[in-house]
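Heads up, the thing below is written out as structure tokens.
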Amino acid sequence: MKTIARLLPSRPRRALTTACLGLVGITALSGVMSGPLSAGSPRTTVAELNSELRTGYQIGAGDKLRITVFDEPNLTNDYVVNESGAVAIPLIDEVPANQLTTSQFAGKIAEKLKSGGYVLTPKVAVEILKHRPFYILGEVAKPGEYPYTGDLTLAQAVATAGGYTARADTHSIKIQRRADDQPTLVKLDAPLRIAPGDTIIIKEAFF
């Protein structure tokens, strides 16, 4: 008995093969396109991001500080942290401040003043006068740079930028901290605290 394949003319058989391969290709492409658009993005959690802020505020480039050296009026002044994360102070030149708390930075200044012989028993206090800004991009009414205020939350940051657009994904965002090389994806399962210098990216929702 002749097989069905032998009964088929050669041209329709090739067409059938091509159609089958095309169907497989379309199915595979459909699977790729239906996957999450951010599948390759590093991920973190709200809890992890919030925990980074529990150790105290860390100084960074763009912060404006009030440095008080008690009984030394010539050293007491307002200073801005430069792009390299340091502060230029008279007598002791630049002092690294990046990712230090205010108390840690005050200790560094006191140590340099004492080791240089400028002040025998230095007492130093550091206060944040103005935080570096945060940035919010993507699906908000007014994306851009905004001044940071203490204990800022994501909800407050979005409100500052005029609220979500109608296309916004309100269930997850991307966020990049100054110490990170690239944005990370975070699912919004709890209130998220924003740090100075954060770049928030509100993604478009795909329905």
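The values are calculated or read from the model by the stated rules, or taken from the named source; none is laboratory data. This is a predicted model, so every value here is computed, not measured. Quick reminder, even Gly has a Cβ in these numbers, built from the backbone with ideal geometry, and neighbours come from all protein chains shown.
Of the residues that make up segment 112-122, is at least one over 30 Å from PHE70 (Cβ atoms) and among the basic types (Lys, Arg)?
No, that holds for no residue.
Going by what's in this entry, would VAL95 be described as surrounded by 14 or more Cβ atoms within 10 Å (Cβ to Cβ), closer than 27 Å to PHE134 by Cα and free of Cβ contacts under 8 Å to residues at least 60 places away in the same chain?
Spelling it out, VAL95 is indeed surrounded by 14 or more Cβ atoms within 10 Å (Cβ to Cβ), closer than 27 Å to PHE134 by Cα and free of Cβ contacts under 8 Å to residues at least 60 places away in the same chain.
Could you look through segment 58-76, keep only residues that are under 17 Å from ALA86 (Cα atoms) and not aliphatic (A, V, I, L, M), and pick out the one that is surrounded by the most Cβ atoms within 10 Å (Cβ to Cβ)?
ASP63
Here is a yes/no grid of residues against (1) hydrophobic (A, V, I, L, M, F, W, C); (2) assigned to a loop (DSSP other than H, G, I, E, B):
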{"site": "ILE136", "(1), (2)": "yes, no"}
{"site": "THR149", "(1), (2)": "no, yes"}
{"site": "GLY162", "(1), (2)": "no, yes"}
{"site": "THR170", "(1), (2)": "no, yes"}
{"site": "ALA190", "(1), (2)": "yes, yes"}
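Which of the residues spanning segment 138-153 are within 13 Å of GLY197 (Cα to Cα) and either surrounded by 15 or more Cβ atoms within 10 Å (Cβ to Cβ) or of a type in the set (A, V, I, L, M) (or both)?
The answer is TYR146, TYR148, LEU152.
Name the pairs whose Cβ atoms lie under 7 Å apart, with the first residue in segment 143-159 and in contact (Cβ under 8 Å) with a residue 60 or more places away in the chain, the second surrounded by 15 or more Cβ atoms within 10 Å (Cβ to Cβ) and part of a loop (DSSP other than H, G, I, E, B), and 6 or more positions between them or separate chains?
Pairs found: none.
Which of the residues belonging to segment 171-196 are within 15 Å of SER41 (Cβ to Cβ) and either touching a Cys at 6+ places or on another chain (Cβ under 6 Å) or basic (Lys, Arg) (or both)?
Selection gives LYS174, ARG177, LYS187.
Do you know which residues across segment 183-200 are among the β-branched types (Val, Ile, Thr) and surrounded by fewer than 19 Cβ atoms within 10 Å (Cβ to Cβ)?
Passing the criteria: only THR199.
Check whether at least one residue in segment 114-122 is surrounded by 16 or more Cβ atoms within 10 Å (Cβ to Cβ), more than 15 Å from the chain's Cα centre (by Cα), in the same structural domain as VAL81 (by TED's automatic domain parsing) and not aromatic (Phe, Trp, Tyr), and report yes or no.
yes
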